[in-house]
1. So, in the range 262-304, how many residues would count as being modelled with pLDDT under 95, small (G, A, S) and either buried (at least 17 other Cβ atoms within 10 Å of the Cβ) or within 14 Å of S216 (Cα to Cα) (or both)?
2. Is it the case that the range 145-163 has a residue that's in contact (Cβ under 8 Å) with a residue 12 or more places away in the chain and within 12 Å of the ligand (Cβ to nearest atom)?
3. Only residues that are more than 16 Å from the ligand (Cβ to nearest atom) and either aromatic (F, W, Y) or touching an Asp or Glu at 6+ places or on another chain (Cβ under 8 Å) (or both): list them for the range 120-142, please.
4. Restricting attention to the range 91-112, report how many residues are within 23 Å of the chain's Cα centre (by Cα), within 14 Å of the ligand (Cβ to nearest atom) and not β-branched (V, I, T).
5. Are there any pairs with C-beta distances below 9 angstrom linking a residue in the range 332-359 that is under 13 Å from N465 (Cα atoms) to a residue that is modelled with pLDDT under 85 and among the charged types (D, E, K, R), with the two at least 6 apart or on different chains, and if so which?
6. Which of the following residues is at pLDDT 95 or above and in contact with a Phe, Trp or Tyr (Cβ under 6 Å, 6 or more places away or on another chain): L439, L449?
7. Is it true that A126 is outside any strand (DSSP E or B) and touching a residue at least 40 places away in the same chain (Cβ under 8 Å)?
8. Go through (1) over 25 Å from the mean Cα position of the chain (by Cα); (2) exposed (fewer than 14 other Cβ atoms within 10 Å of the Cβ) and name the single condition E65 misses.
Amino acid sequence: MPSMLTLVFRKLKVGSKPQKEESSMAPQPDASQQRVQPPKKQRSDFEFGKILGEGSYSEVVQATEKTTRKEYAIKVLLKRQMIRENKQKYVMRERDVLTRLNHPFFVKLYFTFQDKDRLYFGLSLAKRGELLPYIHKVGSFDECTTRFYSAEIILALEHMHSLGIIHRDLKPENILLNEDWHIQITDFGSAKILEADSSDGIVRANSFVGTAQYVSPELLTTNRTERVEKSASKCSDLWALGAIIYQLLAGLPPFRAGTEYLIFQKILKLEYVFPDGFPEKARDLVQKLLVIDPKKRLGCDECGGYPKLKAHPFFQGVDWDNIHKQTPPALKPFTMLDGEEIHSDYYVDDFNILTPNSLSDVFEKINTNETENEKTHSKKYVLDHSSEERAHLLSKQEKDVKWHQFVEGNLILKMGLVDKRKGLFARRRQLLLTEGPHLYYVDPENMVLKGEIPWSRTLKVEAKNFKTFFVHTPNRTYYLIDPEGYALEWCRAIDEMMHYTYQA
Ligand code: ATP
């Protein structure tokens, strides 16, 4: 009798037809009559590279097929762990969904194989990884970039829903980017196939499917005996779409709180606000997606379906039929100031920042417009003090400067209030440049150290005007606005520190 494990994994083999056991002696059909199956792949066919990510019961590894040199992302699942955590159902569902989807905006399942301990899923490689770190990196997307990516997500949802599949965990972490920066939606562990699954939409009490910030209100209110109707289930993905569009433009998801419970309360009360600068048409779109009644959500069958959603004025000009052939807009750090988009001269290529201008050119451009008043404030920030002088300055700082408590005994070289922007949100912070070097920022109202801009050889500072300057680090651009208008001086000080630290 076959073991439990064997039965489970027989079900998981590629395609729905039963696979022939290698040891079988059964007579082979005439080769001319059978469709030739490519030989089953095995672990030794691949060179395994870096780990791309880890799930709760899997690891995804970059792999190159030795004969074809084709690159894949291979998801490796440990059988024992899967059984121990009772995840077989989710793995099978993921495999079933991936097999059905055939669209450029989804990760593709090319093959599966297994050995004694593991299952292997050969997926298309999304070389640029998840969308979320790019939102963090640039703070938020401008309108044009948001329009492009929202349109791709909508086309993907339209395809998926037409096959009766609901994702149920749509979020920026599950939207990957391929080498050409187009989306590849992944993670179908929580998905539902409506026709095939008699338990459609059942939601267990005290639990929910998905991720708190993107979960729709109907999934929070449905109790053990209720069923979310099929059309309403699809609408849960449309709610998540609304939350994602908000996040792309604002930089943070609409429903935020310290705990999941508090997030759910806000979702149920539709308690969210649009920050200043949120574009009008996008606001209207989000308001039509984040609707408590799933049947009143733009894009649902009852509201005219996808044609109505695609016709929303926010998407004016989108070439829906050819979007997958277009070059996505380059991701550029930018911020909004007084209703105007201020773009960086740099653009993002993975996590390296490339630039069409050299840094000194940008400085030159601004220096020539610099007022006499600005020039008189120029000073040298890098200190060449003797140890006695430094000790004297430090003891004075300890006595007189209330920010001393945050700087770990380092001498403060420059400080001042700035507005630190993240997406469309801004916070007033005391910025402290110290020896080390360090760039600390403190909440001046509550006198709490909020963080530090990480220094590295690749840090770049960019002045945009007298008030606005950007500090680019590998994982994030910091958008800083000096209300007093000494942005250039901040740039000079940081730049001097860079030279002193890395070129001395
Ligand atoms: P969980 O299993 O807990 O739901 P998960 O869905 O994030 O987590 P995986 O599907 O195993 O787990 O993926 C783990 C990570 O691997 C992803 O977050 C992603 O960063 C990376 N990854 C997954 N698939 C690919 C792919 N096709 N190309 C590139 N990276 C991928």
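1. Within the range 262-304, residues that are modelled with pLDDT under 95, small (G, A, S) and either buried (at least 17 other Cβ atoms within 10 Å of the Cβ) or within 14 Å of S216 (Cα to Cα) (or both) number 1.
2. no
3. Matches in the range 120-142: F141, D142.
4. Total meeting the criteria: 8.
5. D345/D361
6. L449
7. So A126 passes the test.
8. All conditions pass for E65, except number (2).
The values are calculated or read from the model by the stated rules, or taken from the named source; none is laboratory data. For clarity, every value in this text was computed on a predicted model and none was experimentally measured. Glycine gets a Cβ as well: all are built from the backbone with ideal geometry, and neighbour counts include every protein chain shown.
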